[in-house]
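Notes follow the structure.
The values are calculated or read from the model by the stated rules, or taken from the named source; none is laboratory data. Note that the coordinates shown come from a computational prediction; the quantities given were computed from them, not determined experimentally. Cβ coordinates were reconstructed from backbone atoms using ideal geometry, including for glycine residues, and neighbour counts include every protein chain displayed. Each accessible area value is taken on the protein alone, full model and side chains, heavy atoms only, with ligands, DNA and RNA left out. Shrake-Rupley method; radii C 1.70, N 1.55, O 1.52, S 1.80 Å.
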Amino acid sequence: MRSATSTDWVASLSPWPEEFGLETMHALLDELGHPERTFPSIHVVGTNGKSTATRTIAALLHAKGLDMGAYTSPHVAGWHERLDTDPESFESAVASVRPAAERLHATQFETLTAAALSEFARRGVDAAVVEAGLGGRLDATNVLEARVVLLTNVGLEHTEVLGETREQIAREKLAVAKPGAIVVLPDDEWWELMPERELRIGGARETAEAFLGAPVGGEPEVYLPGRFEWRGPNELRDGAHTPEGVDWLLDRLPRTNWVIVASILADKDVDGMVERLGRAGRTLIATRSSNPRALAEKELAARAEPYFEHLESHADPTAALRRARELGPVLVTGSLYLLADLHGAE
């Protein structure tokens, strides 16, 4: 039986392939008439900050008069957030690729990526900024001939897929840079990995300038749910999901007496994260997001015990948030999937 909506259908798909590779993605785009070839693109890879960088690049180029597409993941407010559109347009975009995706047994991320590229082609965008999902070399987004590639940063994550060292992970991410692409790096650490590319140092602004071939001005206000998002004066939500992401968050917190609500995926550096979160407050309410890879709340609490004075565990994220609000100012973090689960909780 077909799902009532294509949005419900894509939500039901497995996000993980049986094995990583691009064969299905190439076949899917071939059936769709290769929409990715109808517009120039910018590819954003890295460990942290990809979504914000993607939206910022798109905003900078939009301010210069370009009609831009932007594709990010995961989402917090709803599936439509990934295509920076409304729910109705998202539904139509997924419906347009659904028959081919079903025939080819595409994964959720392959389907979403194809939907985004097809929607951008249908709209006739001047350019699109596309965020990679996991790594780069074998990611479904690595079907682009991107004019510019931005690497935001490199941390240890998904080591079972990407490699055990930061250099191995950097190589996997930078493998999306095709011959002729300009590569924008955060610093000179990975310079030697790109010997035959034009290299620049910088971030979103430098990437937009590399694409445009001219300076860009202004400071666009980019809002993404779950990225340093204040819910009133005493509740902050941020999707920090690596130790480096928590370091970034710690540098910006206005206080250190938070009651922390956290869920962390089991394949992340859990110990590194909870050690750092212990610097933000002395109370942890451990919970478990709806993502099947989320660590069990009791195990999270046990691993965090050395770093907190008071710990509780609640399987239901809403119950965890309700309890935290009884105890003090609340910091919700550890996973964007947790923030998605709680997005409607006021």
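Given the conditions (1) modelled with pLDDT of 95 or more; (2) under 22 Å from residue 20 (Cβ atoms); (3) open to solvent by 60 Å² or more (accessible area, probe 1.4 Å), and given that residue 177 satisfies all but one, which numbered condition is not satisfied?
(3)
When you go through 82, 123, 98 one by one, which is the residue that is within 16 Å of residue 34 (Cα to Cα), without any contact (Cβ under 8 Å) to a residue 60 or more places away in the chain and of a type in the set (D, E, K, R)?
Only one candidate qualifies: 123.
Please verify whether the stretch 328-346 includes one or more residues that are under 13 Å from residue 260 (Cα atoms), among the β-branched types (Val, Ile, Thr) and in contact with a Ser or Thr (Cβ under 8 Å, 6 or more places away or on another chain).
no
Please identify the pairs in which a residue from the stretch 209-226 that is over 12 Å from residue 63 (Cα atoms) has its Cβ atom under 8 Å from the Cβ atom of a residue that is open to solvent by 50 Å² or more (accessible area, probe 1.4 Å) and among the hydroxyl-bearing types (Ser, Thr, Tyr), counting only partners at least 6 apart or on another chain.
The qualifying pairs are 222/52; 224/52.
Yes/no matrix, rows are residues, columns are (1) closer than 25 Å to residue 51 by Cβ; (2) among the charged types (D, E, K, R):
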site: 227; (1), (2): yes, yes
site: 238; (1), (2): yes, yes
site: 241; (1), (2): yes, no
site: 252; (1), (2): yes, yes
site: 273; (1), (2): yes, no
site: 276; (1), (2): yes, yes
site: 293; (1), (2): yes, yes
site: 297; (1), (2): no, yes
site: 307; (1), (2): no, no
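Go through the stretch 128-148 and give me each residue that's part of a strand (DSSP E or B) and not small (Gly, Ala, Ser).
Within the stretch 128-148, 129, 130, 131, 148 qualify.
Which one of 319, 324 is out of contact with any helix residue (DSSP H, G or I) (no Cβ under 9 Å at 6 or more places or on another chain), closer than 17 Å to residue 237 by Cβ and open to solvent by less than 20 Å² (accessible area, probe 1.4 Å)?
Unique residue meeting the criteria: 324.
Mind listing just one residue for me: the one in the stretch 162-174 that is over 15 Å from residue 149 (Cβ atoms) and either outside any helix (DSSP H, G or I) or of a type in the set (Asp, Glu) (or both) and, of those, modelled with the lowest pLDDT?
Selected residue: 163.
Can you tell me which residues in the stretch 185-214 are assigned to a helix (DSSP H, G or I), open to solvent by less than 70 Å² (accessible area, probe 1.4 Å) and of a type outside the set (D, E, K, R)?
Across the stretch 185-214, the qualifying residues are 193, 204, 207, 208, 210, 211, 212.
What are the residues in the stretch 24-52 that are assigned to a helix (DSSP H, G or I) and in contact with a Ser or Thr (Cβ under 6 Å, 6 or more places away or on another chain), if any?
Of everything in the stretch 24-52, those that are assigned to a helix (DSSP H, G or I) and in contact with a Ser or Thr (Cβ under 6 Å, 6 or more places away or on another chain) turn out to be 35, 50, 51.
Do we have residue 29 as over 30 Å from residue 229 (Cβ atoms) and modelled with pLDDT of 95 or more here?
It is true that residue 29 is over 30 Å from residue 229 (Cβ atoms) and modelled with pLDDT of 95 or more.
Among the residues of the stretch 257-267, what is the count of those that are open to solvent by less than 10 Å² (accessible area, probe 1.4 Å) and either in a loop (DSSP other than H, G, I, E, B) or among the β-branched types (Val, Ile, Thr) (or both)?
Within the stretch 257-267, residues that are open to solvent by less than 10 Å² (accessible area, probe 1.4 Å) and either in a loop (DSSP other than H, G, I, E, B) or among the β-branched types (Val, Ile, Thr) (or both) number 6.
Hey, any hits in the stretch 249-270 for a residue that's hydroxyl-bearing (Ser, Thr, Tyr), at pLDDT below 95 and over 22 Å from residue 11 (Cα atoms)?
Of the stretch 249-270, the ones hydroxyl-bearing (Ser, Thr, Tyr) are 256, 263.
With at pLDDT below 95 added as a condition, the list becomes 256.
Pick out the ones that are also over 22 Å from residue 11 (Cα atoms) and you get 256.
Yes: one or more hits.
Among the residues of the stretch 23-61, which ones are crowded, with 16+ Cβ neighbours inside 10 Å, more than 20 Å from residue 183 (Cα to Cα) and not hydroxyl-bearing (Ser, Thr, Tyr)?
Of everything in the stretch 23-61, those that are crowded, with 16+ Cβ neighbours inside 10 Å, more than 20 Å from residue 183 (Cα to Cα) and not hydroxyl-bearing (Ser, Thr, Tyr) turn out to be 25, 28, 29, 32, 35.
Go through the stretch 268-289 and report how many residues are among the β-branched types (Val, Ile, Thr) and surrounded by fewer than 24 Cβ atoms within 10 Å (Cβ to Cβ).
2
Could you list, in sequence order, all residues of the stretch 221-245 that are surrounded by 18 or more Cβ atoms within 10 Å (Cβ to Cβ) and part of a loop (DSSP other than H, G, I, E, B)?
Of everything in the stretch 221-245, those that are surrounded by 18 or more Cβ atoms within 10 Å (Cβ to Cβ) and part of a loop (DSSP other than H, G, I, E, B) turn out to be 222, 224, 226, 227, 238, 239, 240, 241, 242.
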